[in-house]
Amino acid sequence: MGAAVAEWTVAAVLLQVAGLSLFLYGFFPVKPTLPGFSGAESYRAPSCGPVGCGEGPALPPDQLRSLYRELSEVPHVYDRLVLMVIDGLPAEFVLGRGGKPPAREMMESMPYTQSLLAGCRAVGYHAKAAPPTVTMPRLKAMVSGAIGGFLDVALNFNTQAFLDDNILDQLHTIGYKLVMLGDETWIKLFPTLFYRQDGVSSFYVKDTVEVDFNVSRHLESELAAKDWDALILHYLGLDHVGHIGGRQSNLMTPKLKEMDDVIRRIHAAVTSIQDNSHRTLLVVVSDHGMTEVGNHGGSSYEETDSLALFIGHSVESSHCSPYDQKEALQVDLAPTLALLFGIPIPKNNIGVLLPELFNSLADDQKLRTLELNSWQILRLLQKQRPAFCSEDCVDSKDDFGADMLPESTEKKLCRLLSKAFASHRSSLLHRDSNFRSVEAAGLFGAAVDSYSGFLRHASEWLSHRATDKPLYLLASAISLMIISCFSLAGIISCIFKGPPQIKVEHHSELDLDKNWHLDEVFILMGIFLYVASLGSSSFVEEEQYIWHFLTSTLYLIFLIKTVQSILKESNSTLVHRSETKTFHKNNSSYLASYKLIPGQQDGCKLYTVLIVLVAGRILRAWYQGGINWVHFPDISKILNQSDSSIVKSLQTISVLAVVVLYSVSLMLLRTRRILIIGLWLSHLSCGLLVMLHIWKSQVDTSVPINNHSTTSIAQIFYVIASISVTCTFLLSPWIFPTHSKEAEPTSSSGSNPEKAHGLNHSVFLTGVTYTMFWCLLQLLLQQPINAVPVLLILLQIISSVIYFSLEKSLHRQWVQVVAMQFLGMTGHFGLGNTNSLASIDVAGAFIGISSYSTVLSGVLMFIITYGSPLLLYLGMVVHMSVKDSNDISTPQQWSSVLSRMIALPCLLPLLVNSIALTSYTIVLLLMRNHLFVWSVFSPKYLYVCAATVCTYAGVLVIAMTGAYTCAVLSFRTRNYRDKSVDQIDG
Amino acid sequence: MGAEVTQVSAFTAVLAHALCLAGLAAAHSLAGRGALLSDPAHALRLLVVCEAPLVIVVFSLLRRDPKRCSFLKAAARGLLGLPIGAFLNAFGAIVLGAPVGIKYWIATTYWSCLMSLFTFVPAACVFGASKVDWQNVLSHSIYGTSSNVADYMISAPSHGAVIGAWLGAWPMPLDWERPWQVKILTATF
């Protein structure tokens, strides 16, 4: 039966994997992007044939520059660029909201900027940023004009250098010298680009003064110097102010004043040298806004409302209304700057140029800029839809007037584009005939209108491109997942149906009948409620509450049941006293064997459940609030703001506690084999290494780049830990005696408990070793603040294992397994993880890695994020070992022992996970047009997928351990039996 | 009617609960609409003060063995049961995630007193210290097996209160707050 179950399980898992990958492929299409950089060909009309490549970067910068300027037929408007990025500044602070000027104190805190706006010497836009509103993707969007697909954002955590086409590289190719001051994200993105650079890190969020001073101190010399052509300033202080105190912080006004002062200085400097070869454009942008409490990352208006303010000669006009709500997209910056500086528009740009910046140009030049932008976007469209390639799309002369019937988007875009080209042509004709009139102006207006119509629609269409999905593919994927889910459920029900005789017979006196118990009903109901609440975005955002609620309620039920059973026992003490005693003696697992007195045992049970509950409560208090309610005060924030020595000592205590717990559990084995002593020593040394790492890394927090000594410490740790875990895994089945010496080898009744004993011992040793080394690894990798939660989760595991080993009769095995899994998920959120990608700890993923490697750091990141569920799966091994010593007394076959031991711990997590996966997939499909699909549901889906991988890994470990141990022990028993038979014979 | 144990008729039980409910409604209307949200501590205090004497008196009248146990003794047991039950309920609430802190302490206390009035006090008044009865209340196995109306009278509402409060806490992560999430909402936030 065991083999069949295994085969079925593997088949179901494979089905699930197939369904999942199909769904992922269908739901997150990887947008086709154009590789390479735009060159001279971008000034020609696009065609779909094989593009003649060859004209490349062979030209030296100066020639390239003049080539571009010649081809573009538009004079470049500016020579020098000052790009000032103010991190996290909402446009509302400068431009007001809804057509109204900003609040008075905001006006007063930025007097110079406001005077520029009022004097019509600057033009400001509400540049809508695309989620996720965090710095690096937003910078990429600004310079390349492309919004990365969802998976790009998710998968490019480690991408350091930015390789796509972008305006900075284009500027560099035509020989501009770039200077960068401020946030070192820029330097990570463009490591070799800058002529001069001074990066500041946003490592220390509490600092609002030094970060900006470090930028501004260079300002004087840089403004005096004339050797640069583009200056990028990135001020982080305002974002830090927001993170500390929100929009209304006391520090906000001084910070805005400081920024205003910088703008004044730059503007004064660039206007003083305003001649024909140094026309400078000052662009003040923010990468994202901030919520009322100063956070960002989501897609609310407050967060996406970022600023784009242009100060230069081309925007000056005689009359203006500066506080009109002028909407733009953040990506519009890229084509605008590209055209202003006479460089090709980046290939994957979906932005539209901002027409007010080109006021100084003549009409036909304006049309030319629009044409260039349209060509570039048309190329992108052609890449995505071959339909745009056909000549009649661009050249169709027919029915302009027929604004007919709803048509496909492609048709509409085609029509708009051909209309634009046509009116452009006729406008040009009029110009050639030098026939200036109302008619020409009308033609010009029509051309501009149709161009901008096309650009706007195409841009929208491109950015929403990701939403159309092949439904049949998704449906088949979901049906595959449902089938696998049901087959898993079927396997489990088969197992329950299969060997009930043994179980019922064994526990008949213990009233474990076929009735449903409270905890079992609760688990089913809880899973159902959980699945139902996945459909709500708020529940997804605050999932930690659900898990904590479920888990602690489950343990409260355990508590009630325990109290109940104690009451019942004390009622009928006299009758049962002897019976219970014999019972306890019978199933003496060594944990229980130390506490035979019923009273003590009851107390122990109560205490263990209480420990789990209290630890769970502390864990919840450690990280309060998921996505919506991040601002709630919690322990981790308090600790973050307090002295680092407290955190350090907490970490040290946790390491010590783990080491001590390991020693205690090794002592429980009561053997002094060399392996065990060696294990203990290696664990001790690992603990020391972790401690050393903690101290080292805290000493030099000022140098956030991981230095050499900590890296080597971590590497030594990895080596020792992996060697000792592997040794344990391989050797532990060999060291415990399969038979006690006095036992008759031939009589099976005598040998069986011993057999079980050996099995339990070795599995216990392996499980404990897994768990404890895993804990140390977590202590090494997790953020310092997470040390205590790791310890708490470990405590929860240990006490649940003890509780379950004492309370064999009260709960069925599947309840215990599910309880462990619940604990794991609660711990997952207890370690500060949320369902937004922002909470992934990227910094930890580079501990102990000397050279950059995506795979390794990805694995480390996975280990950090899923530390707690994996810990629980490892703890399940321990649980397995203390569990079923009494169940194995009757059967002789190792295979049935094996299947009894690992079937449920393997199958149940798979089942629960597949239920969650399948239902969430359906939810995602139903919600595909929901407002929050990209900001809430999709990140959660990635987490669900990762949890699936985590489940597979955990189950694999459990199955491998069980199978290997059983195989070795069966081999040894057979050997022993053969030998003893030989002895008897001889 | 047993020899010692008073059998409570179903009608009496319904009447008792109707009385308690009326008291609750009166207190609620006294506190005013929306008071549970705007000033939870105050409203809960009002509810507790109005409800406590009512519950104790009503259920002490219905005590299990009126021969051996006077009315006053039952009432005293009820009074004693109030803080104990409150303590247990508060423990449950905190473990389930009610915030710990001086700011919330008062609201939590009143809430747990109220919950104790619904769950613990009636049982204390009626059953006294009888172990078997307590065990029956704790377990859910009485449904369908017991014929005693008093058992139902005590355990069904208390189980109902616990389950209701539990379910009421479920939608808390939602970012809208509605008055019907009354009980745990106030205790937790």
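The values are calculated or read from the model by the stated rules, or taken from the named source; none is laboratory data. Please read these numbers as outputs of a predicted model, since none were measured by experiment. When we count neighbours, we look across all protein chains shown, and the Cβ atoms used for this are built from the backbone with ideal geometry, even at glycine.
Key figures for this structure:
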read-out	value
Qualifying positions in the range A:231-252 - modelled with pLDDT of 90 or more and more than 31 Å from the chain's Cα centre (by Cα)	A:LEU231
Test: residue in the range B:103-116 that is touching a Phe, Trp or Tyr at 6+ places or on another chain (Cβ under 7 Å), at pLDDT 75 or above and assigned to a helix (DSSP H, G or I)	no
Index of the failed condition, A:LEU488 passing every other in (1) modelled with pLDDT of 80 or more; (2) within 30 Å of A:ALA130 (Cβ to Cβ); (3) hydrophobic (A, V, I, L, M, F, W, C)	(2)
Residue match in the range A:58-66 (condition: among the hydrophobic types (A, V, I, L, M, F, W, C), modelled with pLDDT under 75, surrounded by fewer than 10 Cβ atoms within 10 Å (Cβ to Cβ) and not in a helix (DSSP H, G or I))	yes
From the options A:VAL703, A:VAL690, A:VAL699, residue that is at pLDDT 80 or above and either small (Gly, Ala, Ser) or over 23 Å from A:THR961 (Cα atoms) (or both)	A:VAL690
Test: residue in the range A:640-658 that is in contact with a Lys or Arg (Cβ under 8 Å, 6 or more places away or on another chain), part of a helix (DSSP H, G or I) and either away from every other protein chain (no Cβ under 14 Å) or at pLDDT below 80 (or both)	yes
Meets criteria (out of contact with any Gly (no Cβ under 8 Å at 6 or more places or on another chain) and either in contact (Cβ under 8 Å) with a residue 60 or more places away in the chain or among the β-branched types (Val, Ile, Thr) (or both)) for A:ASP239	no
Filter result for A:ILE560 (in a helix (DSSP H, G or I), within 10 Å of chain B (Cβ to nearest Cβ), over 30 Å from the mean Cα position of the chain (by Cα) and among the β-branched types (Val, Ile, Thr))	yes
Matching residues, the range A:541-557, being within 9 Å of chain B (Cβ to nearest Cβ) and part of a helix (DSSP H, G or I)	A:GLU541, A:GLU543, A:GLN544, A:TYR545, A:ILE546, A:HIS548, A:PHE549, A:SER552, A:THR553, A:TYR555, A:LEU556
Hits in the range A:515-539 (condition: more than 9 Å from every other protein chain (Cβ to nearest Cβ) and either touching a Leu at 6+ places or on another chain (Cβ under 6 Å) or of a type in the set (Val, Ile, Thr) (or both))	A:VAL521, A:ILE523, A:GLY526, A:ILE527, A:VAL531
Test for A:MET84: is it within 33 Å of the chain's Cα centre (by Cα), surrounded by fewer than 24 Cβ atoms within 10 Å (Cβ to Cβ) and modelled with pLDDT of 90 or more	yes
